[in-house]
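Heads up, the thing below is written out as structure tokens.
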Amino acid sequence: MKVHKLIEKFIYLLIVVNVLAMILESHLNIRLRYGGFFSIFELISIVIFSLEYSYRVVYNYKISGKKGISSYVFSFFGMIDLISILPFYLGNIISLDGRFIRILRLFRLTRIFKLGRNNSSFKLFIKALSAVKNELLFTLFLSIIIILFSASAIYYLEYESQPEKFSSITEAIWWATISLATVGYGDVYPITVGGRVFATVISLVGIGIVAIPTGVISASFVEQINKKKNKN
């Protein structure tokens, strides 16, 4: 048991060092000087994380058979474990576009989520999300519908005045998304009276749309905390 805890601590330390290495590697001067070291460190880390993933698969198989494997592989942390190592193998086994590989490398950051494996608060938060997944999916569906409606409406309202910025409904989706999220970068905006009135309404609707998942998750998290306290 003591050895198991030491291994867990080592994995946690390796994850933190991996994230720090990724941050340092983003600096051109450091990358040019220590690029070979970063490559070797990445290879060693992948080997260790791959062994850890294989160990967990075998361990769960011994406990619950095939059901144990599926419960781990398709669990939140099982997916995180896989995603954290998969980009390396995809980049070295399959011939992919370089830009795609650079995007995949961002998944190395998912290793930080492995730190929460034995954290009770993080587990409680995951349980809270799972409890309201249907409500969150409905909010996502509602958001997509409103974005598509907003993009269509603003396209017809603004196309004649700004054909270069609202050239199609697809182009208008960008404006609809940032408006619904109440971000408003200001790079694209309506200039007609109808467009401005519509944008005002959509901005107000966006506040409600953003507030729904926030309230749902908060309520579920508080509920899970109360359940835990009652059990104790």
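The values are calculated or read from the model by the stated rules, or taken from the named source; none is laboratory data. The model shown is predicted, which means the values in this text are computed figures rather than measured ones. A quick note on method: Cβ atoms are made from the backbone with ideal geometry, for glycine too, and the neighbour counts reach across all protein chains shown.
Numerical summary
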{"quantity": "Total residues in segment 189-228, condition among the hydrophobic types (A, V, I, L, M, F, W, C) and crowded, with 17+ Cβ neighbours inside 10 Å", "calculated": "7"}
{"quantity": "Matching residues, segment 25-42, being under 24 Å from the mean Cα position of the chain (by Cα) and surrounded by 12 or more Cβ atoms within 10 Å (Cβ to Cβ)", "calculated": "Glu25, Glu42"}
{"quantity": "Residue in segment 160-182 that is in contact (Cβ under 8 Å) with a residue 60 or more places away in the chain and of a type in the set (A, V, I, L, M) present", "calculated": "no"}
{"quantity": "Looking only at segment 183-223, and only at residues there that are in contact with a Pro (Cβ under 9 Å, 6 or more places away or on another chain) and in contact (Cβ under 8 Å) with a residue 40 or more places away in the chain, the one that is farthest from Lys123 (Cα to Cα)", "calculated": "Phe198"}
{"quantity": "Segment 187-232: number of residues that are closer than 13 Å to Trp175 by Cβ and basic (Lys, Arg)", "calculated": "1"}
{"quantity": "Residue identified as surrounded by 15 or more Cβ atoms within 10 Å (Cβ to Cβ), on the phi < 0 side of the Ramachandran plot, modelled with pLDDT under 65 and not assigned by TED's automatic domain parsing to the domain that holds Ala172 among Phe113, Phe107, Phe125, Phe100", "calculated": "Phe107"}
{"quantity": "Selection from segment 54-91 of residues that are of a type in the set (Ser, Thr, Tyr) and either surrounded by fewer than 17 Cβ atoms within 10 Å (Cβ to Cβ) or not in a helix (DSSP H, G or I) (or both)", "calculated": "Ser54, Tyr55, Tyr59, Tyr61, Ser64, Ser70, Ser71, Ser75, Tyr89"}
{"quantity": "Meets criteria (aromatic (Phe, Trp, Tyr), closer than 24 Å to Phe122 by Cα and in a helix (DSSP H, G or I)) for Tyr34", "calculated": "no"}
{"quantity": "Tally, over segment 161-194, of residues that are among the hydrophobic types (A, V, I, L, M, F, W, C), out of contact with any Phe, Trp or Tyr (no Cβ under 7 Å at 6 or more places or on another chain) and either within 9 Å of Ala151 (Cβ to Cβ) or in a loop (DSSP other than H, G, I, E, B) (or both)", "calculated": "7"}
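Residue-by-condition table, conditions (1) on the phi > 0 side of the Ramachandran plot; (2) aliphatic (A, V, I, L, M); (3) buried (at least 17 other Cβ atoms within 10 Å of the Cβ):
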{"position": "Leu137", "(1), (2), (3)": "no, yes, no"}
{"position": "Leu142", "(1), (2), (3)": "no, yes, no"}
{"position": "Ala151", "(1), (2), (3)": "no, yes, yes"}
{"position": "Tyr155", "(1), (2), (3)": "no, no, yes"}
